[in-house]
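Report on one structure; see the data block that follows.
The values are calculated or read from the model by the stated rules, or taken from the named source; none is laboratory data. All values reported here derive from a predicted model rather than from experimental measurement. FYI the Cβ positions are ideal-geometry reconstructions off the backbone, even for glycines, and counts take in every protein chain you see. Quick note on the areas: whole protein, heavy atoms, side chains included, nothing else; ligands and nucleic acids left out. Shrake-Rupley method; radii C 1.70, N 1.55, O 1.52, S 1.80 Å.
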Amino acid sequence: WGYLSKNRSISEIFIVSNARHYKHFERWATARGLPVSRVVNTGATAPEHGRGVLRDVELGIRRASQAIGDIEGRDLIVFAGDTLFFKDFDLERILDFRAAKGGSLLLYYGRREADRPSERGMCQVDPTTSSVISFSEKPKPGSPGSDFPYVSPLFYILAPEAWSAIASFNSSRVAESAEENGFTPSGGLFSFGHFVEHAVEKLRLPFWGMRMPGAFFLIGASSNLREYQQLDDCFRRQTLESANGTVRHVRTKTYARVGLMGNPSDGFNGKTIAVTVKNFWASVELWESEQLRLLPHPLYDPSSFSGLADLHFIGRREGYYGGTRLLMATCKRFQELCTSLGIALPRKNFTARYDTNVPRQVGLAGSSAIVTSLFKALLEFYDLSTEHIPLERQPAFVLSVEQELGIQAGLQDRVVQVYRGLVYMNFDAEHMAEKGYGVYQRLPQETFEWLQSLPLFIAYEADPSDSGKIHSNVRARWDAKDQEVITAMSHFAELTVRAKAALEAKDHAKLCDLMDENFKTRRDLYGDACLGQKNLRMIEICQKHKAAAKFPGSGGAVLGLCRPIGGATGGMSKADLLQPVREALEADNFV
């Protein structure tokens, strides 16, 4: 009540009660300064005397019109008195979403095992647009609507064209029952869901759905023991945590990635294979707090220096942007994503901090690792899952955050960091246009473990810089349908398919050959000036020591694989195979 009475979007509040409980609500209202005229008595003294929720609402609308005058053109919020809201229920977010969409709005949640369709309002909602496709009130087993995936409680925001149709709907129900049966219908025919079904299915009025990850429970007479126990456990846990001063912590970790084959064709409707690397990672820790706080990293978001020389060195080496901007952009886009998907997040805040050991500016997807870690933490903090935001759509969200900050990137890095492991990706143009994402396949764990057993390594610049490279015009040539670029991207895709076969066959030598061919194709297309002398020097050292090598990302690092000796490793350990090339790279000041 305190929250509703203070909300500026709500101008008038009316309570509709049966006669049995009317006096209780009247005393409650007068104690809080609410006029008695705002409490409406339906006259029913027992459940069997009730005329139905919808007719009670119609009575409430009439009394509202009598009490405050003309109400045409005003919106109406209706919710059941047997709904218990958690403190973090965010009505403001719901009102904002509805204001953006227009029309009428209902809340819904994913169908639970305890939910019986014959006792609930069941609905279908378009996950992309949040439009309510269909609604069925308490469908019987096997009838249309009984298999709908979502349940809608009695909480609606009705536009004038919706609530103004309630009276005529009630009248038609009474007339139909009198004609068919010769008597006044029972209250069961006037459940609010029957009207919503009529408004959605027959009147085709626009209804939008907003999904609730939690934040309320139904506690009416129709609720079962399991729901009461779930509610009791929830409040017991919250009370205990509050008394003990304990705070729930969420911790997530995302690994760096390397493009094993096909890159950079991921930005050109090509095919790639990428793999996550556990040596390098970004982590996020998040916990509930009174205010939303994003903590700067002591190393990567410095604000204190020993002097100008120290500031100059850090600015030259690390740049001006740390990870805090990534955290802020992720939170901003997360709010926008949930709103666009019609997900009503609970009203609670958090503090977040990050850590990372991914080398900067060497193309190992360190930025997207931070974004992905925070995104995963937010999903867990707000109790969201792939049911709310499908896995295949999550990489596009991570990419949208980086695009918000002007970071040039493609989907490959975000896909493999979301899926983890060894991932094959096909960014087919037609599929992307239709679905908004590519075809992603996590390769078997056995294949991933075989790849891990190989003498595979990453080398990168100790002091990365873009000074040795020039801007590429490949994108402009692609857009202009340059045949050389089109042919090269097609070849990258072909190499990826062959690499997938080599991985599945555990063909070490073939994988090395394909890596070398991937690099050659990239070098021929982009040219040495674009690739940079330091990058080319790393490749040269690797090849000199009989290791296949290619760029795992945009530049600044190379991915190498020592070739088998005599068809195998020649009895040498991975460390023995890697030692010569490692020493040669370190001698040239590479890591």
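Per residue, the accessible area of segment 344-415 comes to 33 Å², computed with a 1.4 Å probe over protein heavy atoms only. If you look at the Cα atoms of segment 401-517, you get an Rg and a Dmax of 16.7, 43 Å. With a threshold of 24 Å on the Cα-Cα distance, the over-threshold entries among K253/K550; K278/K500; K101/K376 are K253/K550; K101/K376.
Using a/c under 1.5 as the rounded threshold, could you call the chain rounded, prolate or oblate? The axes a ≥ b ≥ c are square roots of the C-alpha gyration tensor eigenvalues, and prolate needs a/b larger than b/c, oblate otherwise. Judged from the Cα gyration tensor, the chain comes out prolate (a/c at least 1.5, a/b above b/c).
For segment 449-591, the gyration tensor built on C-alpha atoms gives an oblate shape. Its axis ratio a/c (a ≥ b ≥ c) is at least 1.5, and a/b is not larger than b/c. Model label points for Q403 and S143, set 7 angstrom from Cα along the Cα-to-Cβ axis, are 4.6 nm apart.
What's the local net charge at L295, with K and R +1, D and E -1, over the other residues with C-beta under 10 Å away? Surrounding charge for L295 is 0. Charged neighbours of L105, selected by a Cβ distance under 13 Å, balance to +2 (K, R count +1; D, E count -1). Mean separation of Cα pairs under 8 Å and 6 or more residues apart, divided by the residue count, gives the chain a relative contact order of 13 percent. Exposure check, 1.4 Å probe, all protein chains in place: R62 carries approximately 110 Å² of accessible surface. Within the accessible area of segment 47-172, what % is carbon and sulfur when the probe is 1.4 Å and the other protein chains stay in place? Answer for segment 47-172 is 51 percent, counting heavy atoms of protein chains only.
A simple count of charges around G323, restricted to other residues whose Cβ falls under 12 Å of its Cβ and scoring Lys, Arg +1 and Asp, Glu -1, yields 0.
The calculated FRET efficiency for K506 paired with W287, based on their beta-carbon distance and R0 = 45 Å, is about 0.55.
Rolling a 1.4 Å probe over the protein heavy atoms leaves H297 with an accessible area of roughly 20 Å². Per-residue extension of 0.36 nm, minus the Cα-Cα distance of L295 and S9, leaves a gain of 99.6 nm for this segment.
Could you state the angle between the C-alpha long axis of helix 366-381 and the longest principal axis of the C-alpha atoms of the chain, as a value from 0 to 90 degrees rounded to the nearest 10? On a 0 to 90 degree scale, this one is about 30.
With both labels modelled 7 Å from their Cα along Cα-to-Cβ, the T129 to K574 distance reads 5.1 nm.
Each Cα pair under 8 Å and six or more residues apart adds its separation to the average, and for segment 1-131 the resulting relative contact order is 16 percent. Each label was represented as a point 7 Å from its Cα along the Cα-to-Cβ direction; for F313 and R442 these points are 4.3 nm apart. Each helix, a run of at least 4 DSSP H residues, gives -39500 (n - 2.57); summed and divided by the residues of the chain, these come to -13000 deg cm²/dmol at 222 nm.
Rounded, prolate or oblate: pick one for segment 12-124, where a ≥ b ≥ c are the square roots of the eigenvalues of its C-alpha gyration tensor, a/c under 1.5 means rounded, and failing that, prolate if a/b is larger than b/c, else oblate. Oblate shape, in that a/c is at least 1.5 and b/c is the bigger or equal ratio. Helix 574-587 axis versus longest C-alpha principal axis of the chain: approximately 80°, rounded to the nearest ten.
Relative to the dominant Cα principal axis of the chain, helix 308-318 is inclined by about 90°.
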